Each structure stands twice: as C-alpha cells, then as structure tokens.
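A short write-up of the structure that comes next.
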Amino acid sequence: MIITEKENERLPFLRDKTSKLTTKPGCYIMKNKELKIIYIGKAKNLKNRVSSYFRPWQDHLPKVWKMVSQVFDYDFIVTDSEFEALVLECSLIKQYSPKYNILLKDDKGYSYIRVTQGPYPRLQAVLQKEDDDSEYIGPYTSSFAVKQAVEEANKVFMLPTCSRRFPEDFRKQRPCLNYHIKQCMGVCKGKIGQKEYNDTLKQAIDYIKNGSEQSVERMTEEMYKASEEMNFELAARLRDRIAAISKASESQKIIDESIKNCDIAALAQNGINACASIIMYRGGRLFDKASFFLGDTYDTDRMYSDFLIQYYSNKDSIVHDILLESDFTERELVSRFLSERYGHAVRINVPQRGQLMKLTALAKSNAAEYLSIKVGRTSKEIIALEELAKALGLSKTPQYIECYDISNLASTDMVAGMVVFENGRPSKKKYKRFSIKTVAEQDDYACMAEVLERRFKNYFEKTDEGFSQMPDLILLDGGNGHVNAVAPVLERMGVSCPLFGLVKDSKHRTRAVATGGGEISLTKARAAFNLVTSIQDEVHRVAITYQAKKHIKSSFGLQLTKIKGIGEKKAQKLITEYKTKEALKQASADDLAKCAGVSLETAKELEQMIKQL
C-alpha cells in the first residue's frame with residue numbers, strides 16, 4: 001500500500017526533514033498529532049531507514065501504512081553503533097509502550113493433572129482444581145504440556161480414556177477401538193485386577209514426574225523380579241510396557257533426556273496477521289509454552305528481532321540456547337544483546353536436521369494453531385502459504401492467488417480459466433472464464449499473454465469489479481515458456497506481481513514451479529506442494545469444463561445453421577437464449593421465430609430438426 005498526501009498531509013515536511021538526517025546509527029521516535037509516541041525503531045543508517053517510510057513510491061504492508069498515515073513528526077537519537085541503537089530501542093519501548101511496536105500479551109493460565117478417585121482411577125488434564133476427592137499434580141503454567149503429557153502416558157501405559165465406570169460396567173459392552181489397536185488394556189473385559197491396574201497407574205504417574213529413563217529402570221527391575229518369581233505373565237506385560245516407552249520416546253517430543261534447557265521459537269503469519277509461540281524445555285522435559293498474537297504482519301526479519309527482544313528483555317533469567325524455526329538478519333546482534341544483558345552466552349541457532357528441527361516444527365505448528373483461532377483459518381492453510389512464500393522467495397505471504405490455464409481442441413473453442421485462492425481456500429465467486437479473441441491458431445503462449453493482458457486492462461480501466469484486486473501471486477498452468485510469454489506483458493503494463501508457472505510430469509501431476517529460467521522443487525515443502533497441486537487441479541477443471549461447454553454449444557450451433565435462413569449469429573442467439581438442448585426442444589415454433597427473427601415456416605422446420613437431435 002502506497003502512502004499519499006491524501007492520507008498524511010505532513011509528508012512533504014517529513015520528507016524534507018529526512019533529507020537532512022544523519023547516516024549514523026540510532027533510534028527514531030514517531031509521533032502523532034498529539035505528539036504521542038506511536039512507534040520506536042532502530043537503524044544502522046538513520047537517513048536510509050527513516051526515508052523508506054515517506055518515499056512517494058514505497059509500497060508498505062498494512063501495519064506500516066497505518067502507522068505512517070498517523071505520523072506528524074519524529075525525533076531521533078544518534079548512537080555509536082547499531083548494537084547501541086538496539087539497546088536504546090529496547091529501553092525506550094519498555095518506557096513508552098508505543099502502539100505500533102510489539103507489546104506481548106500471552107494466553108497464560110494454570111493447569112493440573114487430575115488422578116480421579118475410585119477403584120480404577122483415571123489420569124486427566126484439567127484447567128483448575130475442583131472441590132472433590134481427586135488427587136491433583138501441579139500447578140503447571142502450560143496447559144499444552146499437561147495435555148500432551150497425559151495423552152502420552154495414557155497411550156504408553158494403555159490406560160482407559162472412555163466414559164465407562166469400573167467395576168460397574170465390567171463386561172456390559174464390547175471393548176472399544178482403543179483396545180483393538182492396543183492403546184487400552186481392556187479394563188472393561190473385567191480381567192484386570194484392581195491391584196494390577198493401580199500399579200500400572202503409579203508407573204504412569206512416575207513416567208510423567210520423572211521421565212522415561214528412570215521409569216524404564218524401575219520397570220526393568222520389576223520385570224526381572226517377576227521373572228525370578230516365575231510370574232511370567234507380569235514380566236511379559238512389563239516387557240511390553242518398556243518397549244512401548246522406548247517406541248514412544250522415538251517419536252514423542254514431550255520428554256527427551258538429551259535436551260536439557262532451551263527455548264524453541266517460531267512465527268506464523270497469513271499475510272495479514274502474525275502469531276508467535278515459544279516452547280520451553282527444562283531438564284529434558286517440555287516444561288511450558290507461551291503464544292502471542294503479534295497483530296498486523298510486517299517485515300519478517302524485523303518481527304523476529306522485535307519479538308525476541310520484547311519477550312526476553314523482561315525476564316529474570318534466560319536459557320543459554322534459543323532455537324528458531326527460521327533465520328533472520330539480526331540474529332547475531334540479538335544474541336549479543338541478550339548475552340550482555342544476562343551476563344552469559346545466549347546462542348540463537350536454526351537447526352537443519354534431527355530432533356531439534358522437529359521441535360522447531362512443533363513450535364511452528366503451535367504458532368499456526370494459535371493464529372488459526374484468531375483468523376478463522378486452519379493451521380495447515382497458514383503453514384502451506386508460509387512454505388510457498390519461503391520456497392518462491394516472496395517478500396510476504398500470498399493472501400490472494402490467481403491461477404490461469406488454457407484449454408482448446410486444436411484451434412477451435414480456445415478458452416482460459418482463472419481461479420482465485422484467498423488465504424489458502426478457493427474463492428469461487430471470483431473465478432473468471434475467457435474466450436480467446438486475438439489468437440486464430442493454437443498457441444498456448446499467445447493465448448496466455450492475451451488473457452493476462454485483458455485481465456490487467458480491466459484492472460487499470462476499472463471496467464469489471466471482479467478484476468479490481470491486485471493479486472499477491474500469479475500462477476500459470478505451464479512451464480518456463482508460459483512465464484516468459486507473460487512476463488513482458490506484465491512489465492509493459494507496469495504490473496510487478498510475482499509470476500510463476502506450474503509444471504506437470506508425464507502423468508499430468510504437479511512436479512515443480514517454473515521461474516522462467518529454471519524450476520523450483522517443492523518436494524521438501526509438503527504443505528505448499530499440496531496447495532499448488534490443488535490450485536492446478538482446480539484451474540484445469542474450470543478451464544476444461546468451460547471448453548467442453550463451449551464446444552458442445554458450437555457443435556450444436558453448426559447443426560442449427562443447416563436450416564436455410566439460420567446463420568451463425570441466429571444460431572448463437574438461440575443457444576444463448578435457451579442455454580440447453582432440452583430447453584430448445586420445449587420451445588414452440590412461434591417462440592423460435594420470435595427469438596431468431598425468422599419466418600414461421602423456417603421456425604417450424606427448425607422445430608422439427610431440433611426434436612430429432
């Protein structure tokens with residue numbers, strides 16, 4: 001979005017002031033008409049950074065656009081280095097809490113693990129204590145960690161999670177699915193004694209409190225003891241339970257003795273809003289999670305820097321290791337800032353493989369889930385769009401995507417389809433269909449160029465509301481040739497929207513993304529790959545359906561022109577009026593004569609022929 005003097009009449013003054021600004025590092029302080037501070041930022045070069053807000057041609061993201069539209073004046077403080085500017089910025093933000101800086105508010109609450117009363121107690125994750133006789137373990141600050149730990153323990157130790165009451169409901173119903181897939185011991189069958197069940201429950205609680213290593217050691221001792229006492233049935237159950245814990249440890253992310261103390265952070269954004277999540281490990285266990293709604297999206301590098309500084313600057317202490325899902329430009333600068341602030345090394349890294357990389361994916365998933373609640377989209381849709389932006393090197397997450405496909409039968413009935421995906425979902429009301437007008441012979445490249453030229457001609461001339469929005473991304477069903485045919489058209493018309501092609505394999509399945517000079521594989525970005533595949537399948541369906549309908553109409557029209565006095569225009573008029581062959585068959589000779597503008601005699605002959613088709 002470009003800011004103009006219509007939105008902020010102070011722009012000439014601000015530009016003139018900025019032209020005289022120093023190129024040294026420092027902080028800038030934006031103020032509104034009431035001279036209230038609305039934004040504080042830092043810069044390596046004050047003149048370059050502040051100028052970027054007020055340039056006539058600068059395209060801003062919505063959050064920045066809103067801020068710039070309210071700027072009446074600004075102050076600045078020069079520092080000796082960018083690092084000093086970062087320290088000063090942090091201090092000023094804490095002091096003034098400006099409206100357009102990140103001000104973190106999390107979703108904190110307390111959670112407990114409840115051990116219910118009765119002969120066969122259950123393990124449950126709850127948000128608060130109740131006035132009952134249950135035993136409560138906690139409180140924990142993370143409901144997420146509690147829920148995950150209880151689910152893992154119930155699964156590993158095969159404890160029941162159904163609503164049946166024991167022993168009252170013994171043998172009243174068949175065992176549920178969990179029993180058959182070996183996720184429940186089948187207490188409902190009435191063959192599990194109360195002592196054996198409670199021993200298993202104690203092992204599950206020990207597993208939650210102390211971790212897998214200590215639990216396995218204790219159960220191994222019990223297994224050997226049972227074996228020595230010739231209690232082979234109990235020994236076998238303990239052996240299976242140890243194996244289940246070992247198997248769970250390979251995939252679960254709640255307890256990992258190799259991970260001592262670290263935080264894992266990730267951002268999620270959908271092109272408009274952004275959220276952040278931090279997952280905390282302490283002593284080899286998932287200890288806590290915090291999620292924050294960051295508001296409007298802006299520069300991703302800047303968001304990472306702002307978030308980490310704001311989150312950690314108010315802490316009494318900080319871990320030595322912070323893991324990120326994605327890298328950002330000022331990572332070393334922020335690492336130095338935190339290290340000096342807390343008096344010990346703070347390492348910020350981006351894992352590329354292994355268990356630590358899986359944990360960053362978990363943090364990303366949590367951020368996406370939190371954002372999905374805020375914006376009404378699924379986490380899969382949010383992650384798919386982010387992956388696509390990252391793979392294609394886009395400056396922002398594409399919210400509004402258009403995709404085009406050409407369909408024809410040789411050189412006849414040449415058409416194109418346009419589909420629109422908004423926030424990862426098809427927006428069918430905005431689909432468009434084109435009949436090719438300027439290309440006589442089969443030439444997909446020329447057809448695609450014509451369609452895109454017509455689309456943006458409508459945009460600039462404002463002749464069709466359906467073309468009033470500039471897309472964030474344009475996809476063409478085709479390879480480098482299609483991209484190279486369309487790119488000059490967009491450049492000539494002054495359209496700077498990212499443009500890519502969708503390449504198919506020999507089985508007509510999406511294979512890669514064409515750039516015009518090469519290809520980008522999406523095999524490592526599964527969510528993005530699934531999204532572009534669904535887009536390509538949808539645009540192909542729309543184009544080929546339209547082409548088939550048009551071909552049927554044109555073939556039927558040729559049949560009508562066999563009647564003397566019925567030319568192509570009159571045949572097309574009849575087809576347009578009645579739309580289907582069945583509707584035409586219901587029309588009387590008088591109706592046909594009136595519609596086509598022919599004599600009643602010709603209309604009767606036409607009526608007879610239509611009934612025979």
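Observations, loosely collected:
- Dipole magnitude (debye, nearest 20) for the chain, charges at Cβ of Lys, Arg, Asp, Glu: 1280
- In this label model, Asn480 and Asp75 are separated by 5.7 nm, measuring between points 7 Å along each Cα→Cβ vector.
- Too-long pairs where the Cα-Cα distance tops 18 Å, listed order kept, from Lys429/Lys569; Lys380/Lys428; Lys430/Lys462; Lys66/Lys380; Lys430/Lys569; Lys380/Lys430: Lys429/Lys569; Lys380/Lys428; Lys66/Lys380; Lys430/Lys569; Lys380/Lys430
- Inter-part distance, the stretch 6-29 to the stretch 296-341, computed on C-alpha centroids, equals 28 Å.
- Residue order for Asp288, Asp477, Asp75, fewest other beta carbons within 10 angstrom first, comes to Asp75, Asp288, Asp477.
- When Rg and the Kirkwood Rh are both derived from Cα coordinates, the Rg/Rh ratio for the chain amounts to 1.10.
- Gyration tensor (alpha-carbon) shape descriptor, the stretch 561-612, a/c threshold 1.5: rounded
- Note on the stretch 331-463: Rg/Rh from C-alpha atoms, Kirkwood Rh, equals 1.20.
- Under the membrane-span-like helix rule (DSSP H runs whose alpha carbons stretch at least 27 Å along the helix axis, mean Kyte-Doolittle hydropathy 1.6 or higher), the chain yields none.
- Estimated FRET transfer efficiency (Glu491, Gln586; beta-carbon r; R0 41 Å; 0.05): 0.20
- Proxy reagent accessibility, fewest Cβ within 10 Å first, across Phe421, Phe456: Phe456, Phe421
- Nearest-20 debye value, the stretch 393-550 charge dipole, Cβ charges on Lys, Arg, Asp, Glu: 520
- Shape summary of the stretch 310-369, radius of gyration then Dmax from alpha carbon positions: 12.4, 35 Å.
- Stretch in the chain that is longest and holds no GluC sites (Glu not before Pro) that DSSP places in a loop and that have at most 11 other beta carbons within 10 Å: 230-440
- Expressed in Å, the radius of gyration and Dmax of the Cα atoms of the stretch 11-96 are 12.3, 33.
- Using a simple spin-label model with pseudo-atoms 7 Å out from Cα toward Cβ, Met470 and Ser521 lie 3.5 nm apart.
- Interatomic Cα distance distribution for the stretch 287-404, bins of 5 angstrom, percent: 2, 9, 17, 23, 22, 14, 8, 4, 1, 1, 0, 0
- Taking the fewest neighbouring Cβ atoms within 10 Å as the starting point, the ordered list for Tyr197, Tyr298, Tyr136 is Tyr136, Tyr197, Tyr298.
- The stretch 393-550, Cα convex hull volume normalised per residue, Å³: 117
- Computing FRET efficiency as 1/(1 + (r/R0)^6) for Lys462 and Arg55, where r is the C-beta to C-beta distance and R0 is 30 Å, gives about 0.70.
- Inter-label distance, nm, simple model (7 Å from Cα along the C-beta direction), Glu9/Lys594: 6.2
Where a number appears in this text, it was derived from the coordinates with a stated rule and is not lab data. This structure is a prediction, so every number in the text was calculated from the model and none was measured. Cβ atoms come from the backbone with ideal geometry, glycine included; neighbour counts cover every protein chain shown.
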